[in-house]
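K.L.:
Right, I'll just put the structure down here and ask away after.
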Amino acid sequence: MTGLDLYSISRSVTKLRAVIPEDAFTAGILGSQRVGNGVVIDSAGLILTIGYLMTEATDVWLTSEDGREVAAHPLAYDQVTGFGLILPLQKLDVPPIPFGSSMDLRAGSEVHVVSAKDFAAPQEARVLARREFAGAWEYLLEEAIFTAPAHPHWSGAALVDNAGALVGLGSLLVHEVIAGEETNANMFVPIDLLKPILQSLKSTGRADRQPRPWLGVYAVELAGKVYVTGVVEGGPAQSADIREGDVISEVAQHQVGTLPEFYRRVWAVGPAGTGVPLTTVRGATQIHLNVRSVDRRDLFKRPQAH
């Protein structure tokens, strides 16, 4: 065990509450009231959170150590990593958690999950695995961090190493199989993914890279096939008449059988706005489509300046 003062570190993790318009693009899926954690990462009080908490938010509130709600502005969201930045409009007067190196984590590493004090006490955990993670919503991480036991308030929670440094940010509750038994675990986004894009997120609100093409499909892989489980209303896939139950067999004449293959082939076609050639199978019918991709951000409501 370490002599880490986790309760002191937890001062730098704040409760975050976001309000999203009912007619926002993501409101139907993610809700119009979202609550989770934010982590103070610099001396100016900048808050790192998981992006789905603050996407399209018109109002964001942070709970200070003395219980006050402090207004904040949604500054940036990067869909590639899932990170979001929030700027408090009053000083929180708490120290930042320094960045560590998520590269140093491996299966068996001892870590600590720290949420806002309002939610839960700091919790010890261990890294189960470092591996690729593909989400059904056109999301892919090369080396996600999986930990157990699962924390009950994982959204935006800080993953801290034994030196008290920030090494990951809480994203999901997942199911893992350990010694033949299924158990709940958490997936964390590695903090190393933030370091190269932090400055551009702070200065421009987005990472300094071309936006990826987005199709608006939800998909799963099963027995070597990619199945469409849903399409986003108003998205490119719906416009192209892709339907739930379709099998996506090819992207740009390359066969795909897994979610990572599907996503990488789509992203390799070109930046957002590029037409993406897809072959789908519906029943016994093969359908060839050219889906006009978009930058997903273009469909979002913009946060209002305070």
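K.L.:
Condition (residue is touching a Phe, Trp or Tyr at 6+ places or on another chain (Cβ under 8 Å) and either farther than 19 Å from Ile29 by Cα or not β-branched (Val, Ile, Thr) (or both)) applied to region 56-63: is it met by at least one residue?
P.N.:
Checked against the condition, which is being touching a Phe, Trp or Tyr at 6+ places or on another chain (Cβ under 8 Å) and either farther than 19 Å from Ile29 by Cα or not β-branched (Val, Ile, Thr) (or both), region 56-63 yields at least one hit.
K.L.:
Say we look at region 207-226 and pick out the residues that are among the hydrophobic types (A, V, I, L, M, F, W, C) and in contact with a strand residue (DSSP E or B) (Cβ under 9 Å, 6 or more places away or on another chain); which of these is farthest from Val291 (Cα to Cα)?
P.N.:
So the residue we want is Ala207.
K.L.:
Do we have any residue at all in region 140-148 that's modelled with pLDDT of 95 or more and outside any strand (DSSP E or B)?
P.N.:
Looking for residues that are modelled with pLDDT of 95 or more and outside any strand (DSSP E or B), one finds none in region 140-148, hence no.
K.L.:
Which residues, counting only those in region 144-160, are within 18 Å of the chain's Cα centre (by Cα) and surrounded by fewer than 16 Cβ atoms within 10 Å (Cβ to Cβ)?
P.N.:
Of everything in region 144-160, just one residue is within 18 Å of the chain's Cα centre (by Cα) and surrounded by fewer than 16 Cβ atoms within 10 Å (Cβ to Cβ), namely Pro152.
K.L.:
Which pairs have Cβ atoms under 6 Å, sit 6 or more apart or on different chains, and link a residue in region 242-258 that is within 17 Å of Ala134 (Cβ to Cβ) to one that is surrounded by fewer than 14 Cβ atoms within 10 Å (Cβ to Cβ)?
P.N.:
Short answer, once both residue conditions are applied: Gly257/Gly224.
K.L.:
Another question, then. Do any residues in region 153-169 that are farther than 12 Å from Asn37 by Cα have Cβ atoms under 9 Å from those of residues that are modelled with pLDDT under 95 and of a type in the set (Asp, Glu), where the two are at least six apart or on different chains, and which pairs are they?
P.N.:
Here the result reads Asp161/Asp104; Gly164/Asp5; Val167/Asp104, each pair linking region 153-169 to a residue that is modelled with pLDDT under 95 and of a type in the set (Asp, Glu).
K.L.:
Starting from region 35-49, take each residue that is part of a strand (DSSP E or B) and list its partners that are among the β-branched types (Val, Ile, Thr) and at pLDDT below 95, counting only C-beta distances under 9 angstrom and pairs at least six apart or across chains.
P.N.:
Val40/Val94
K.L.:
For region 179-192, which residues satisfy the criterion of being hydrophobic (A, V, I, L, M, F, W, C) and either under 17 Å from the mean Cα position of the chain (by Cα) or buried (at least 18 other Cβ atoms within 10 Å of the Cβ) (or both)?
P.N.:
Answer for region 179-192, where residues must be hydrophobic (A, V, I, L, M, F, W, C) and either under 17 Å from the mean Cα position of the chain (by Cα) or buried (at least 18 other Cβ atoms within 10 Å of the Cβ) (or both): Ala185, Met187, Phe188, Val189, Ile191.
K.L.:
In addition: Please state which of the following conditions Trp267 fails to meet, knowing it meets all the rest: (1) in contact with a strand residue (DSSP E or B) (Cβ under 7 Å, 6 or more places away or on another chain); (2) aromatic (Phe, Trp, Tyr); (3) buried (at least 19 other Cβ atoms within 10 Å of the Cβ).
P.N.:
Exception for Trp267: condition (1).
K.L.:
Here's another thing I want to ask about it. Return the residues of region 81-103 that are closer than 11 Å to Leu62 by Cβ, outside any loop (DSSP other than H, G, I, E, B) and of a type in the set (A, V, I, L, M, F, W, C); say none if nothing qualifies.
P.N.:
Passing the criteria: Ile86, Leu87.
The values are calculated or read from the model by the stated rules, or taken from the named source; none is laboratory data. Bear in mind the structure is a predicted one, so any value in this text is a computation, not a measurement. Neighbour counts run over all protein chains shown; Cβ positions are idealised from the backbone, glycine included.
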